[in-house]
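Colleague: Quick one: this structure, given as structure tokens, is what I'll be asking you about.
The values are calculated or read from the model by the stated rules, or taken from the named source; none is laboratory data. Since this is a predicted model, take the numbers as computed values, not measurements. Reconstructed Cβ throughout: ideal geometry from the backbone, glycine too, with neighbour counts over all protein chains shown.
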Amino acid sequence: MIKAWNDVKSFVTIIMTIALIVLLFFPIDPPKELLALFCTSYGAVITYFFTKKSDTNTKDTTSEITK
């Protein structure tokens, strides 16, 4: 968890997840346009976060191909 506060992408993901939980469980009624924008942004961030490959895997694959 400490690493997440040092990495900007992880920090944004945690903050957006907390905001989503607040929107789901508390009686807050934001404008529909703002809610749609937030949901789209949250989906993009989560998709990027979970589909991003680490650099170590890329280096290993590159070295295996050159062998």
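Colleague: May I ask you to say which residue of 56, 61, 47 is surrounded by fewer than 10 Cβ atoms within 10 Å (Cβ to Cβ), modelled with pLDDT under 90 and among the polar types (S, T, N, Q)? Even if it seems obvious, please write down each step before you answer.
Modeller: Numbers: 61 fails: surrounded by fewer than 10 Cβ atoms within 10 Å (Cβ to Cβ); 47 fails: surrounded by fewer than 10 Cβ atoms within 10 Å (Cβ to Cβ).
Going through 56, 61, 47 in turn, just one is surrounded by fewer than 10 Cβ atoms within 10 Å (Cβ to Cβ), modelled with pLDDT under 90 and among the polar types (S, T, N, Q): 56.
Colleague: Within the range 22-37, can you find the residues that are surrounded by fewer than 10 Cβ atoms within 10 Å (Cβ to Cβ) and part of a helix (DSSP H, G or I)?
Modeller: Within the range 22-37, 24, 25, 32, 33, 34 meet the criteria.
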